[in-house]
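The values are calculated or read from the model by the stated rules, or taken from the named source; none is laboratory data. Because the structure is a prediction, the values reported are computed rather than measured. All Cβ positions, glycine included, derive from the backbone under ideal geometry; neighbour counts span all protein chains shown.
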Amino acid sequence: MTVTRFAPSPTGYLHIGNLRAALMNFLIARQQGGTFILRMDDTDQERSKQEYIDGIFADLDWLGLTWDRVEYQSRRVGRYAEAADDLKAKGRFYEVFETPTELDLKRKKLLNMGKPPVYDRAGLALSDDDRARMRAEGRAGYWRFLLDQERIEWTDGILGPISIDAASVSDPVMIKADGQVLYTFASSVDDIDMGVTHIVRGADHVTNTATQIQIMQAMGGTPPQFAHHSLLTGPQGEALSKRLGTLSLRDLREQGIEPMAILSLMARLGSSKPVEVASSMQDLIDGFEIGSFGAAPTKFDAEDLKPLTRAFVQRLPLEAVADRLAELGVPQDVQPAFWAVASQNIEIRADLAQWWALCRDGAEPVVAPEDADFVREALALLPARPWGPDSWSAWTNAVKTATGRKGKGLFMPLRRALTGMDHGPEMAALMPLLQVVRGI
């Protein structure tokens, strides 16, 4: 069975960048009738916070990305210790003691010699006495994974055939001196234990993938199928990371951006398929193809979410907004006519409030000085209520006959007088909804 996972670190709120991985893994699981795991990468107890965990749940729930089960890495520390002991016994974990300063000096020396800054495996040469002496000196030991220095190869679901020479990669640190298990190791243990079959994540993880393949194999497991999506940039190709603080999902939600607009863009952005707003989650599931995505950096512009949101809300059926209309105080018998008028003149759902305020309370008339006498005469000719679909036509024809005005010179001053605006819905449809007309 297909099993995917999304493993956010609850050290901040979800943003548009990490949503991409969440969505792709979710769509693969749902397309295959499999399992989608939400796994909190919360081993960093200092930076992980409950408010961020709650925020992740809220954001995914808002988007409709339902999970089949939740896992917490902080609750699996004992399992990581067990796996670490196994790899120590196999000679694949070894203890090292270099300080960050010493490692930096080693890197600089290798770079000055024109060599890749790969860890020299000095820790392998330490005897038990050496390690005891370093601990006595107050040095804290930490653990690296011993890579087999061979080519690590896999066929990536997006990038195609990948081959990385493990000799060009430093043996990764797996457990810090304070005992904290790092992502590379914890994730490998989890993916094997939880039977994960497919992983989609950013292209910046390619080297991690190479090392994790060896870790999983050393544990006796079978690595999942990997796919690495391109990284997002800003609209001008700039690094998106500098703007992620303004691109959190909670911020987009507060701006009125629709979940389906976000999902529709993220499900196609960077692929060979055109971006178009989907009507439902099932549409996204049915149309998703991981192989349609390319490797090139992908430009993301938050402004693109606005027309998608507008297109989505404008085609919503009345029943989808009935509760919102009721909250605004729109009478049930008026809702069909009001939604027909307002729906084509809103950018986001929150815009409904201003249109109902216009209908309920009227608008301050906007009258140009040169139109004052004309508007006064026109308002005196307003037909008696109740107004219907023919009232606007009857009124404007009467005003035309009385004043001789026509075209824009006739219609625009009357629209401004009734709505205070130069644009908006067809007046024939809006006029019957106006409960108050100021100025008369």
Checklist entry - Taking the range 202-217, which residues are small (G, A, S) and more than 16 Å from V118 (Cβ to Cβ)? => result G202, A203
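Inside the range 205-217, can you point out the residues that are in contact with a strand residue (DSSP E or B) (Cβ under 8 Å, 6 or more places away or on another chain) and either farther than 20 Å from K88 by Cα or of a type in the set (A, V, I, L, M) (or both)?
Within the range 205-217, H205, V206, T207, T209, A210, I213, I215 qualify.
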Item to check | From W339, W392, residue being out of contact with any Pro (no Cβ under 8 Å at 6 or more places or on another chain), over 24 Å from R405 (Cβ atoms) and surrounded by 12 or more Cβ atoms within 10 Å (Cβ to Cβ) | outcome: W339
Checklist entry - Can you pull out the strands (runs of 3 or more DSSP E) entirely within the range 74-191 that have at least 2 residues that are among the β-branched types (V, I, T) and at pLDDT 95 or above? => result 151-156, 160-165, 173-175
Next on the checklist: Given (1) part of a helix (DSSP H, G or I); (2) surrounded by fewer than 18 Cβ atoms within 10 Å (Cβ to Cβ); (3) touching a helix residue (DSSP H, G or I) at 6+ places or on another chain (Cβ under 9 Å), identify the lone condition not met by A210.
Outcome noted: (2)
Item to check | Tabulated pairs, the range 132-150, first closer than 15 Å to T211 by Cα, second charged (D, E, K, R) and assigned to a loop (DSSP other than H, G, I, E, B), C-beta under 8 angstrom, 6+ apart or interchain | outcome: R144/D171; F145/R92; F145/D171; L146/R92; L146/R121; L146/D171; L147/D171
Checklist entry - Which is without any contact (Cβ under 8 Å) to a residue 12 or more places away in the chain and of a type outside the set (D, E, K, R), of G256, G179? => result G179
Checklist entry - Could we say that Q354 is outside any helix (DSSP H, G or I), free of Cβ contacts under 8 Å to residues at least 60 places away in the same chain and not hydrophobic (A, V, I, L, M, F, W, C) here? => result no
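Conditions (1) of a type in the set (D, E, K, R); (2) in contact with a Gly (Cβ under 6 Å, 6 or more places away or on another chain), marked per residue:
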site	(1), (2)
L308	no, no
V334	no, no
A337	no, no
I348	no, yes
E377	yes, no
L382	no, no
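Identify the residue in the range 234-255 that is at pLDDT 90 or above, crowded, with 16+ Cβ neighbours inside 10 Å and of a type outside the set (A, V, I, L, M, F, W, C) and, among all such residues, is nearest to the chain's Cα centre (by Cα).
The residue in question is S248.
Tell me whether the range 121-132 contains one or more residues that are touching a Phe, Trp or Tyr at 6+ places or on another chain (Cβ under 7 Å), exposed (fewer than 14 other Cβ atoms within 10 Å of the Cβ), farther than 30 Å from F293 by Cβ and not polar (S, T, N, Q).
yes
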Checklist entry - Here are G256, G237: which of them is out of contact with any helix residue (DSSP H, G or I) (no Cβ under 6 Å at 6 or more places or on another chain), among the small types (G, A, S) and not in a helix (DSSP H, G or I)? => result G237
Next on the checklist: Looking at R324, R310, can you tell me which residue is at pLDDT 95 or above, more than 19 Å from the chain's Cα centre (by Cα) and under 19 Å from Q354 (Cα atoms)?
Outcome noted: R324
Next on the checklist: Restricting to the range 298-338, give me the number of residues that are not charged (D, E, K, R) and not in a helix (DSSP H, G or I).
Outcome noted: 9
Next on the checklist: Can you tell me which condition E51 does not meet? The list is (1) in a loop (DSSP other than H, G, I, E, B); (2) surrounded by fewer than 16 Cβ atoms within 10 Å (Cβ to Cβ), and all the others hold.
Outcome noted: (1)
